[in-house]
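Report on the following structure.
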Amino acid sequence: MTEMLRLEGLVKHFGDLEVLKGIDLTVMKGETIVLLGASGSGKSTLLRCVNFMEVPTGGRVHLMGNQIGREGRGGSFDYAERDLVPIRARVGMVFQHFNLFPHMTVLQNVMEGPRTVLGLSKSECKMRARKYLDKVGLGWKADAWPTHLSGGQQQRVAIARALAMEPEIMLFDEATSALDPELVGEVLDTIKELADEGMTLMIVTHELGFAYTVADRVLFLSGGRILEEGRPDDILLSPREEQTKSFLRGHSRFRLPDTPGQEQA
């Protein structure tokens, strides 16, 4: 398998607060990684460091075998903004909030990245935008305004917008947490289709049933470290660490079996 992403000793500080405390992780091409953990465990910060929305304080980031940044004195790394723009284009990200431009149509929202970042022609941008809107099942809404869409539809447009950059890896940061419960499924179905097609994904979610179904590997973060990782069966059904067990018991939609042979809820 081809290595897509490698993190070595990734550290992130915000002032005196150390949020990530040495993350080592390798993600292979086509792999779906789900990140779990309590609020403040470092999950979102980890994703934001992967696409350099947050610049790491320390450690190394390799994308497709290439080390990002230039090593300076004392082992620190310098990250020039001009070098990070193409990296962000290769690492798509979908957030909890859709952040669509309200003054642009759905089609124009999806065209914007390829036009301004990649410098594609208007006709190429329009072709890409329609392709990825069709992919998320919203080609028929191309001329609609974002405010005329449901929350689930807006999030699917946000996914199409990220896909239109044709990234090598996609990051999802609690992409369904701002949605009404009845709209969550349509977004999760879209993400699962991407996983089934072999796109490399890193997903922060509290939808544990979805995590169990879609993940190749589950990571449980605590205090800025990876406390344990493994297959969904290992982490979600047979966790070793008490913190992981406590976290899982706190989710009513997905219970650990209390006795051998008892099925998950």
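Tell me the label only: which of [x] 30, 26, 15; [y] 36, 20, 15; [z] 25, 23, 17 is semi-axes √(5λ) of the Cα gyration tensor in Å as calculated from this structure? Label [x] holds the value from this structure.
Exposed loop sites are taken as GluC sites (Glu not before Pro) in a DSSP loop (any state but H, G, I, E or B) with at most 16 other beta carbon atoms within 10 Å; the longest stretch of the chain without one runs 1-167. So what is the relative contact order for the chain, in percent, with contacts set as C-alpha pairs under 8 Å and at least six apart? So the answer I get is 24 percent.
For SER123, the accessible area of its heavy atoms, probed at 1.4 Å with every protein chain present, is near 80 square angstrom.
In the chain, a dipole from Cβ-located charges (positive for Lys and Arg, negative for Asp and Glu) runs towards its positive end, and of SER121, SER44, ILE159 it is SER121 whose Cα lies farthest in that direction.
With all protein chains in place and ligands, DNA and RNA left out, the 1.4 Å accessible area ranks HIS251, HIS206, HIS103, HIS62 as HIS103, HIS206, HIS251, HIS62, largest first. Need one value: the accessible area of SER44 in square angstrom, 1.4 angstrom probe, rounded to the nearest 10. The accessible area of SER44 comes to roughly 40 Å². Full extension of the chain segment joining ASP83 with SER121 gains 11.4 nm, where the gain is 0.36 nm per residue of separation less the Cα-Cα distance.
Pairs of Lys residues in the chain that lie 8 or more places apart, or on two chains, and have C-alpha atoms under 27 angstrom apart add up to 24.
What is the percent carbon and sulfur in the accessible area of the range 88-229, measuring with a 1.4 Å probe over the protein chains and ignoring ligands? Carbon plus sulfur share of accessible area: 50 percent. Cβ under 9 Å from GLN153's Cβ, GLN153 left aside: what net charge do those residues give with Lys, Arg +1 and Asp, Glu -1? The answer is +1.
For the chain, the solvent-accessible area of protein heavy atoms averages 47 Å² per residue (probe radius 1.4 Å; ligands and nucleic acids excluded).
Calculated mean residue ellipticity, 222 nm, the chain: -10000 deg cm²/dmol, from DSSP H runs (n ≥ 4) at -39500 (n - 2.57) each, averaged per residue and rounded to 500. The charge dipole of the chain, taken about its Cα centre with unit charges on the Cβ of Lys, Arg, Asp and Glu (plus for the first two, minus for the last two), comes to roughly 700 debye.
Ordered by solvent-accessible area of protein heavy atoms (1.4 Å probe), largest first, the residues ASP78, ASP143 come out as ASP143, ASP78.
The values are calculated or read from the model by the stated rules, or taken from the named source; none is laboratory data. Source: prediction; values computed, not measured. Because the Cβ atoms are built from the backbone with ideal geometry, glycine has one as well, and the counts that use them run over all protein chains shown. Keep in mind that these areas ignore ligands, DNA and RNA; they rest on the heavy atoms of the full protein, side chains included. Shrake-Rupley method; radii C 1.70, N 1.55, O 1.52, S 1.80 Å.
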